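Engineer: My structure is below; once you've seen it, I'll send some questions.
The values are calculated or read from the model by the stated rules, or taken from the named source; none is laboratory data. All values derive from a computational prediction rather than experimental measurement. Using ideal geometry, Cβ is built from the backbone for each residue, glycine included, and neighbour counts are taken over all protein chains shown. Areas reflect the complete protein model, heavy atoms only, side chains present, ligands, DNA and RNA absent. Shrake-Rupley method; radii C 1.70, N 1.55, O 1.52, S 1.80 Å.
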Amino acid sequence: MSGLRVLVVDDERPALDELSWLLGRDPRVASVLTCDSATATLRTLRETEVDAVFLDIQMPGLTGLELAQVLARFRTPPPIVFVTAHEAHAVEAFELHAVDYVLKPVRAERLTEAVRRVAGVADGGGDRPANGDLQVPVELGGVTRFVRRADITHVEAQGDYARLHTGEASHLVRIPLSQLEEEWGPAGFVRIHRSLLVSLAHVTEVRTDAGRCTVVVGGPGGPALGVSRRHTRELRDLLLRRASEPRP
């Protein structure tokens, strides 16, 4: 691959210029195109093939999410990286097969990770979050093994480490929970407590007792995880919306 051709879409000129500049500094990016509206984006994509679209969500006219739905109907949909100041759309982005979900203000190292994911998709190896098969390296008895992210039910913070729980085991990795929350949000992982992320795909039961909410993950007999009061409403809304949406 000689280099990535990417398209940046944002209706705010300062944000558009900054993201374009940051992407242009990455040695894997060969060229950066820009658009400030959904209409301009569709016109550009009719004439030019790109390796990825870095897309804002809050835009006049068609929002970024609505534009992504249109792009998904293309014969060969371009990979999408959402770049937004809003955390609340992460699950929707995941369901639209986003490659990544980057929060503003954009950090250079975070954008580097997004470009790495795009490059992986462009090379055909892809660790696209939508496929649910991202392989997470873990150390076990001096041997590096790989755990499918799709098998992880929840993640627990332990200082600068995070403990990944599956239905059969747990694994300690040196990654802060805040980083996993940002990177795995598009894959349906949401924070339910300051020290817990949960995979929405593995939530099988929601319980309320004396005003306290817990979720059960991994099926009958699975662990019951406490949900903090500040995250309870958001979690319920996400689960209800997920349950009510038609599945292909």
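Engineer: Under unit Cβ charges (Lys, Arg +1; Asp, Glu -1), what dipole magnitude, rounded to 20 debye, does the chain have relative to its Cα centre? Mind dumping the intermediate values first?
Structural biologist: Working: 30 positive and 34 negative charges, 98 e Å.
The dipole magnitude comes to about 460 debye.
Engineer: Still on this structure, I have one more. For the chain, what is the mean residue ellipticity at 222 nm derived from helices alone (per DSSP H run of n ≥ 4: -39500 (n - 2.57); sum divided by total residues; nearest 500 deg cm²/dmol)?
Structural biologist: Calculated from helices alone, the mean residue ellipticity at 222 nm is -9000 deg cm²/dmol.
Engineer: Now, a different point. Taking amide hydrogens as modeled 1.01 Å from N in the peptide plane, which residues meet the under 5 Å criterion relative to Val83, leaving out close sequence neighbours?
Structural biologist: For Val83, whose amide H was placed from the backbone, the distant partners under 5 Å are Leu55, Asp56, Ile57, Val102.
Engineer: Can you tell me the order of 189-199, 64-74 when each peptide is scored by its average per-residue count of other Cβ atoms within 10 angstrom, highest first? Could the numbers behind the result be given before it?
Structural biologist: Numbers: 189-199: 20.5, 64-74: 16.7.
Order by mean packing, descending: 189-199, 64-74.
Engineer: Compute the separation of the alpha-carbon centres of the range 148-183 and the range 11-47 and state it in Å as a whole number.
Structural biologist: Rounded to whole Å, the Cα centres lie 33 Å apart.
Engineer: Still on this structure, I have one more. Pick out, from Pro79, Pro220, Pro176, the residue whose Cα sits farthest towards the positive end of the charge dipole of the chain, with +1 on the Cβ of Lys and Arg and -1 on the Cβ of Asp and Glu.
Structural biologist: Pro220
Engineer: Further question: Would you please classify the overall shape of the range 72-113 from the alpha carbon gyration tensor, given that a ≥ b ≥ c denote the square roots of the eigenvalues, rounded means a/c under 1.5, and beyond that prolate means a/b larger than b/c while oblate covers the rest?
Structural biologist: On the way: a/c = 2.94, a/b = 1.56, b/c = 1.88.
Because a/c hits 1.5 or more and a/b fails to exceed b/c, the range 72-113 counts as oblate.
Engineer: Work out, step by step, the length gained on full extension between Glu168 and Thr214: first 0.36 nm times the residue separation, then minus their alpha carbon distance; give nm to one decimal.
Structural biologist: Result: 14.5 nm gained on full extension.
Engineer: So, counting K/R as plus one and D/E as minus one, what does the shell of residues with Cβ under 11 Å around Val215 add up to?
Structural biologist: On the way: positive: Arg207, Arg236; negative: Glu205.
In short, +1.
Engineer: Taking 0.36 nm per intervening residue step and subtracting the Cα-Cα distance, what contour gain separates Val138 from Thr39 on full extension?
Structural biologist: Working: separation 99, 0.36 × 99 = 35.64 nm, distance 4.44 nm.
Additional length available on full extension: 31.2 nm.
Engineer: Which order do the peptides 22-31, 219-228 come out in when sorted by mean C-beta neighbours inside 10 angstrom, highest first?
Structural biologist: Numbers: 22-31: 16.2, 219-228: 13.6.
Result, highest mean Cβ count within 10 Å first: 22-31, 219-228.
Engineer: If contacts are Cα pairs under 8 angstrom and at least 6 residues apart, what is the relative contact order of the chain in percent? Can you show the working numbers first?
Structural biologist: Details: 451 pairs, mean separation 28.3, N = 248.
Once normalised by length, the contact order is 11 percent.
Engineer: Sticking with this one: If a/c stays under 1.5 just call it rounded; otherwise compare a/b with b/c (prolate if a/b is bigger, oblate if not). Do that for the range 1-106, with a ≥ b ≥ c from the square roots of the Cα gyration tensor eigenvalues. Could you put the intermediate results ahead of the total?
Structural biologist: Values: a/c = 1.33, a/b = 1.12, b/c = 1.19.
Taking the square roots of the gyration eigenvalues as a ≥ b ≥ c, the range 1-106 is rounded.
Engineer: Please compute the per residue accessible area over the chain with all protein chains in place, 1.4 Å probe, rounded to a whole number of Å². Mind showing how you got there, number by number?
Structural biologist: Details: 12920 Å² over 248 residues.
About 52 Å² of surface per residue is accessible.
Engineer: How much length is gained on full extension from Gln179 to Phe146, taking 0.36 nm per residue of separation minus their Cα-Cα distance?
Structural biologist: Details: separation 33, 0.36 × 33 = 11.88 nm, distance 1.90 nm.
Stretched fully, the Gln179-Phe146 segment lengthens by 10.0 nm.
Engineer: Under a 1.4 angstrom probe, counting protein chains only, how are Trp21, Trp184 ranked by accessible area, largest first?
Structural biologist: Working: Trp21 150, Trp184 10 Å².
Descending order: Trp21, Trp184.
Engineer: According to the square roots a ≥ b ≥ c of the eigenvalues of the Cα gyration tensor, what is the shape class of the chain, taking rounded for a/c under 1.5, prolate for a/b larger than b/c otherwise, and oblate for the remainder? Please list the in-between numbers first.
Structural biologist: Details: a/c = 2.04, a/b = 1.54, b/c = 1.33.
Because a/c hits 1.5 or more and a/b exceeds b/c, the chain counts as prolate.
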